[in-house]
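Q: Here it is: the structure, laid out below.
The numbers here are math on the coordinates, done by the rules we state, and not lab data. Predicted model, so just to flag it, every value in this text is computed and none were measured.
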Amino acid sequence: MIDTVRTPPDMPPRMKQLQRDKVGRPIPWFVPEVNGEYDFRFTDMEKIVLAIQQELCFICGQKLNRVKNSHAPRGTFVAGPMCLINRTSAEPPNHTDCAEWSSKACPFLTKPMKVRRTSDMPDEVAEPAGVMIERNPGVTALIESERWRWFKVPDGMGGQGILFNFDRITSVRWMSEGWAASTDQVVTSIETGLPQLIEMSEDEPGAMRALALKTRSALRWLPSFDTSEYPVIANLLTHLP
């Protein structure tokens, strides 16, 4: 008998058309087949290219919605707080409802202590583009954007492949363990993620000020809080003019 898992009841109709795995979970469009089975740990790089060319949701594989009075696609990035600071994602955007449902159903996003399984890693699967912070941030940002662009990772930036810059952000929803995240959960995730970005910026002229500006911009998508309770953030913001 095949075990089944309980998933959130409000699955978007587009996702109901996806294939299911052995326990009944919908298999996101971007998941590749590895050694005869779909492996949720990886991303099909060809799907990234298709998503760009055809403006497709990375989760369900169907056309993205349009920005009002425009031909430009509107999409929601599923990312960690550091991605909001850098306004960069390793994955294309999605329909907002697909992104929200996934944030309530994906085990990696709903279980902060869960780590990426590294056993039986196939040789042919590419590493993610860019420099990845090796942690589960515990908080997910659903970043709705009306404009983004893709670019190839420059030499020396880490990994190979494509990254996405986004702006014209219209909303950011914070999720943790399948529910709306508290302000403290989000700020704590930022506080513990910033040290790696700070370390990468310390020896580059002007980089600390640029990081401080990006961090301040990201914090605008949070309710006000006492920065003195978060020393890493407080110290970084002293680099502002």
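Q: Hey, could you get me the Stokes-Einstein D for the range 183-241, Kirkwood radius over alpha-carbon pairs, 10 °C and 1.306 mPa s, rounded to whole µm² s⁻¹?
A: Using the Kirkwood radius from Cα pairs, D works out to 137 µm²/s.
Q: Still on this model: If you take the Cα Rg of the range 10-88 and divide it by 2.2 N^0.38 Å, with N the number of residues, what do you get?
A: Taking the Cα Rg and dividing by 2.2 N^0.38 Å, one obtains 1.23.
Q: Follow-up. Taking 8 Å as the Cα distance limit and 6 or more residues as the minimum spacing, I'd like the relative contact order of the range 183-241 as a percentage.
A: Across the range 183-241, relative contact order equals 45 percent.
Q: Sticking with this structure for a sec: Using just the helices of the chain, give the 222 nm mean residue ellipticity in deg cm²/dmol: DSSP H runs with n ≥ 4 each add -39,500 (n - 2.57), and the total is spread over all residues, rounded to 500.
A: Estimated from H runs of four or more residues: -8500 deg cm²/dmol.
Q: Using alpha carbons only, how many angstrom separate the centre of the range 24-88 from the centre of the range 159-212?
A: First find each Cα centre; the distance between them is then 20 Å.
Q: Another question about this same structure. List the pairs from Lys16/Lys104; Lys47/Lys152; Lys47/Lys104; Lys111/Lys214 whose alpha-carbon separation is above 21 Å, in the order I gave them.
A: Beyond 21 Å between Cα atoms: Lys47/Lys104; Lys111/Lys214.
Q: Enumerate the amide H contacts of Arg66 below 5 Å, restricted to partners 5 or more residues apart or on another chain; note that Pro and chain-start residues carry no placed amide H.
A: Counting only residues 5 or more places away or on other chains, the set is Arg74.
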